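Below is one structure, written out as structure tokens, with a few remarks after it.
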């Protein structure tokens, strides 16, 4: 998944990371524009205290100046704002929202712990870094390694890593939630028969509000009701709330978003590969669970074309393609194999050859191109010569050295270029080269894994494989010499030799 980068917007003096000791400070500095500067954990706790006492800060902006560590379970976090829920650890039956702008400027708030055994709660409990927002803007913030736990039989519990519950046109944008634990599925009484709990990687629930350009990773969510850790990260949307994907398409719920992203991807694949439909808004492929753009563009490998190959050169006129990133795509009862552009595929070709007349020794792959005329930069990893007798139950060839023909297996590793939907290959006949004769007294024969040359004296020996490549060219001394070779057929100084 591709995460949206969170970047600092304004540069200020760097502060050392603040670790919370439970203190509270509301004596905030301001910049030239009148924005409040949050430079320590005590000052962040001061914001919670002021909001929970009834100051919404509508029209005001808070700038986070550095990373803050809220010190885990050492000090329980009082959420910033509440709705019929918790304030300072006490259950209340009122609402005090945060309504201002909180700009994290790319900084991280980590290790806050909001843990409440709330007993018989009121109508709602809202818990998170921000418990309740209305008309607020929270942006450019990273929240990580934090813990939310609520045990209550309240009518509804909303737990989110950044916001518990937001309404009134609140916006969360360009925020990241990683490795947080949100656990709101522990009712105080087993026999509670109503109410729900909602857990979200960004927000537990939203009404008439929006989350966009957010990303999550590694969160643990547990809830009686809905839970969601996708790019919108709102588990319970209603009353006109919306979420948006990476193309800024707006949806009424994360379920609708996922369904629409699947259709966007399908339309992109059909256009890129089959020319069906109009050009998509973006050529890239979206992650269907997050809505975020991936770093891959998927193209279907529609086939391997042998129109440029010599007739009968390749067995069954086919190739076997391997790649771990392959994705199957169904269209009109046909299954296509999709590969991301730039993916490495391994193409195996089985080419016909014969053990009789050397002048008709068979064929090899000379060149592989794609449908756009690009010569693909693949390496010929291996060439084997294997006599064929038939096929096994799984469709793989079986071999015996007594048969009259063989298959040459060539294997290529290819980096697929963008928009490559077809592989074309050309074949050429095997022509031996650099074959020399030696003294008649020299005896040459094959054995297990070696060619044996019994020479009457020092001799020149040239070994050529069935693809016409010289694999050995040098001198051997008088007596028995062994040249280690792979199993297959070779021409050694004009003599055909089988290495078993």
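Quick notes
- Listed by position, the strands (runs of 3 or more DSSP E) enclosed by region 434-500 that each have at least 3 residues that are surrounded by 12 or more Cβ atoms within 10 Å (Cβ to Cβ) and at pLDDT 80 or above are 450-455, 459-465, 470-476, 479-484, 488-492, 495-499.
- Strands (runs of 3 or more DSSP E) fully within region 245-342 that include at least 1 residues being modelled with pLDDT of 75 or more and not assigned by TED's automatic domain parsing to the domain that holds residue 177: 303-305, 327-331, 334-340.
- Inter-residue pairs, beta-carbon under 7 Å, first over 22 Å from residue 124 (Cβ atoms) and in region 164-178, second at pLDDT 90 or above and assigned to a strand (DSSP E or B), 6+ apart: 173/139; 174/139; 175/138; 175/139; 176/142; 178/144
- The condition of being assigned by TED's automatic domain parsing to the domain that holds residue 174, surrounded by fewer than 20 Cβ atoms within 10 Å (Cβ to Cβ) and in contact (Cβ under 8 Å) with a residue 40 or more places away in the chain holds for only one of 88, 128, 54, that being 54.
- Selected residue (criterion: modelled with the highest pLDDT) from residues of region 110-125 that are buried (at least 20 other Cβ atoms within 10 Å of the Cβ) and over 24 Å from residue 21 (Cα atoms): 125
- Within region 77-101, being out of contact with any helix residue (DSSP H, G or I) (no Cβ under 8 Å at 6 or more places or on another chain), closer than 23 Å to residue 209 by Cα and not in a loop (DSSP other than H, G, I, E, B) holds for 83, 86, 95, 101.
- Of the residues 148, 143, 184, the single one that is closer than 29 Å to residue 67 by Cβ, at pLDDT 95 or above and in the same structural domain as residue 63 (by TED's automatic domain parsing) is 143.
- Scan of region 151-172 for residues that are in contact with a strand residue (DSSP E or B) (Cβ under 6 Å, 6 or more places away or on another chain), assigned to a loop (DSSP other than H, G, I, E, B) and at pLDDT 85 or above, ordered by number: 161, 162, 168, 170
The values are calculated or read from the model by the stated rules, or taken from the named source; none is laboratory data. Since the model is a prediction, treat every value here as computed from it, not as a measurement. Virtual Cβ from ideal backbone geometry, glycine too; neighbours counted across all protein chains shown.
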